[in-house]
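Peer 1: Sharing a structure here in structure tokens format.
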Amino acid sequence: MDFDATAVERELRARQQALHGRLAALSAPPERAAELGFGKRIGDGTTEAVARLTDVGVGRGLEITEARIARALAKLQEGSYGRCDTCGAPIAPGRLRAAPESALCIECARAR
């Protein structure tokens with residue numbers, strides 16, 4: 001596989017740092033939590049509750065991406081970056097350019 005390991009690591013670490021920032025922002029307590037009640041202004045409380053549920057879903061997705069980035073960084077260190085974790089086949093260069101955190105080839109990713 002022909003790739004610049006230093007450039008890939010730099011890209012993965014930049015993505016990892018950005019994810020940490022987004023996760024930190026999502027885990028911060030809501031600003032208006034103390035003001036909300038479910039009395040006359042139920043709409044405000046419902047909107048806030050739905051927004052928090054959405055944030056939880058987004059956070060889970062970010063955590064999954066963070067784990068994929070950590071795996072890709074480990075693969076760089078062990079020398080298996082660019083090879084599928086499941087079947088061992090090379091991962092398409094286009095896939096790695098688009099998603100450098102990929103640890104599965106397209107076929108194995110589809111099978112999951």
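Peer 1: Report, by residue number, each residue of region 75-94 that is buried (at least 16 other Cβ atoms within 10 Å of the Cβ) and part of a helix (DSSP H, G or I).
Peer 2: Matches in region 75-94: 75, 76.
Peer 1: Let me ask something additional. Could you say whether any residue in region 20-43 is aliphatic (A, V, I, L, M), modelled with pLDDT under 65 and either assigned to a helix (DSSP H, G or I) or under 27 Å from residue 82 (Cα atoms) (or both)?
Peer 2: Yes - at least one qualifying residue is present in region 20-43.
Peer 1: Going by what's in this entry, would residue 72 be described as of a type in the set (A, V, I, L, M), surrounded by fewer than 18 Cβ atoms within 10 Å (Cβ to Cβ) and either in contact (Cβ under 8 Å) with a residue 60 or more places away in the chain or within 30 Å of residue 28 (Cα to Cα) (or both)? Don't jump to the end; show me each part of the working.
Peer 2: Details: of a type in the set (A, V, I, L, M): yes; surrounded by fewer than 18 Cβ atoms within 10 Å (Cβ to Cβ): no; either in contact (Cβ under 8 Å) with a residue 60 or more places away in the chain or within 30 Å of residue 28 (Cα to Cα) (or both): yes.
Here the answer is no, as residue 72 does not meet what is asked.
Peer 1: Please enumerate the residues belonging to region 72-105 that are farther than 13 Å from residue 5 by Cα and hydroxyl-bearing (Ser, Thr, Tyr).
Peer 2: 86, 102
Peer 1: Could you tell me which numbered condition residue 50 fails, if it satisfies all but one of (1) at pLDDT below 80; (2) assigned to a loop (DSSP other than H, G, I, E, B); (3) open to solvent by 60 Å² or more (accessible area, probe 1.4 Å)?
Peer 2: (2)
Peer 1: Please find, among 69, 64, the residue that is aliphatic (A, V, I, L, M) and at pLDDT below 95.
Peer 2: 64
The values are calculated or read from the model by the stated rules, or taken from the named source; none is laboratory data. Worth saying up front: this structure is predicted, and the values here are computed from it rather than measured. Cβ coordinates were reconstructed from backbone atoms using ideal geometry, including for glycine residues, and neighbour counts include every protein chain displayed. Ligands, DNA and RNA are stripped out before the accessible areas are found, and what is left, the full protein with its side chains, is counted by its heavy atoms. Shrake-Rupley method; radii C 1.70, N 1.55, O 1.52, S 1.80 Å.
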